[in-house]
1. Given the criterion among the β-branched types (Val, Ile, Thr), under 21 Å from Phe24 (Cα atoms) and crowded, with 19+ Cβ neighbours inside 10 Å, identify the matching residue among Thr105, Thr111.
2. Restricting to the range 44-89, name every residue that is more than 12 Å from ligand 1 (Cβ to nearest atom), assigned to a helix (DSSP H, G or I) and of a type in the set (D, E, K, R).
3. Report, by residue number, each residue of the range 116-135 that is surrounded by fewer than 18 Cβ atoms within 10 Å (Cβ to Cβ) and of a type outside the set (D, E, K, R).
4. Kindly provide the set of residues from the range 53-90 that are of a type in the set (Asp, Glu) and within 11 Å of ligand 2 (Cβ to nearest atom), ordered by number.
5. Filter the range 142-186 down to the residues that are among the polar types (S, T, N, Q) and either under 20 Å from Phe202 (Cα atoms) or within 10 Å of ligand 1 (Cβ to nearest atom) (or both), then identify the one that is surrounded by the most Cβ atoms within 10 Å (Cβ to Cβ).
6. Count, please, the residues in the range 172-214 that happen to be over 22 Å from Met86 (Cα atoms) and among the small types (Gly, Ala, Ser).
7. So which residues in the range 182-204 are among the hydrophobic types (A, V, I, L, M, F, W, C) and closer than 21 Å to Val124 by Cα?
8. Filtering the range 161-183 down to residues that are of a type in the set (Val, Ile, Thr) and in contact (Cβ under 8 Å) with a residue 60 or more places away in the chain, which residue is nearest to Val141 (Cα to Cα)?
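Derivation of every value follows stated rules applied to the coordinates shown; laboratory data play no part. Computed from a predicted structure; not experimentally measured. A quick note on method: Cβ atoms are made from the backbone with ideal geometry, for glycine too, and the neighbour counts reach across all protein chains shown.
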Amino acid sequence: MSDRNFSTFDKIIINLDTALASVFGNPAGTGRQNPADKLDLPELTKTESKISAGLMRVNHTGEVCAQALYQGQALAAHKPQLREDMQQASDEENDHLNWCRTRLTELDSHTSYINPFWYAGSFVLGVSAGLVGDKWSLGFVAETERQVVEHLQGHLQKLPENDSKSRAIVAQMKIDEAQHATHAVNTGAADLPKSIKKLMAFTSKLMTKTSYWI
Ligand SMILES: [Fe+2]
Ligand SMILES: [Fe+2]
């Protein structure tokens, strides 16, 4: 969606609508099929279901954050092409968000209660990264996605072996996130200072620890 013809008021309404859809609803994605759709519901023990729900809740919150970051960065992007790229990536993150939510429902669980807090914080972070400049904003995307790929790899090890549905979703997300990182690097991402990378890793750890439980 191009924002060329929108007034500031329009943009505020659109961003609020996106925020509400991301946190509470099923936002529009790219229309791709959920990779878990073709799989039968796996038989899980109570403990396995609880582990899967905790991990998929973390992944859902991660996608809420990704959505907020991309929306914030798109809003503050300097070049129109970057704005379009951010919007395209955010549509793909919406696929992930919807797949994680669907899986949580199947696991008879819920999304994190603190998602509104994470959306707001990530949106401010996204706008800030965008304002610093496009190459830094892209650097932020590249580093975020790189850390997410590592995190998803860890989840593939932690998810119950027979939870084929959650595993299919996480595996596809991992492929997409790696592509987002590569695209950011190929379009001019700057390498972020080590201190920023460390701060990002610390923040995402805080998110994963809290969203697993609440
Ligand atoms: Fe994602
Ligand atoms: Fe991504």
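1. Testing whether each residue is among the β-branched types (Val, Ile, Thr), under 21 Å from Phe24 (Cα atoms) and crowded, with 19+ Cβ neighbours inside 10 Å leaves just Thr111.
2. Across the range 44-89, the qualifying residues are Lys46, Glu48, Lys50, Arg57, Arg83, Glu84, Asp85.
3. Those that are surrounded by fewer than 18 Cβ atoms within 10 Å (Cβ to Cβ) and of a type outside the set (D, E, K, R): Pro116, Phe117, Ala120, Gly121, Val124, Ser128, Leu131, Val132, Gly133.
4. Once the filter is applied, which keeps residues that are of a type in the set (Asp, Glu) and within 11 Å of ligand 2 (Cβ to nearest atom), the range 53-90 yields only Glu63.
5. Out of the qualifying residues, it is Thr144.
6. Summing the residues that are over 22 Å from Met86 (Cα atoms) and among the small types (Gly, Ala, Ser) in the range 172-214 gives 2.
7. Ala184, Ala189, Ala190, Leu192, Ile196, Leu199, Met200, Ala201, Phe202
8. Result: Val170.
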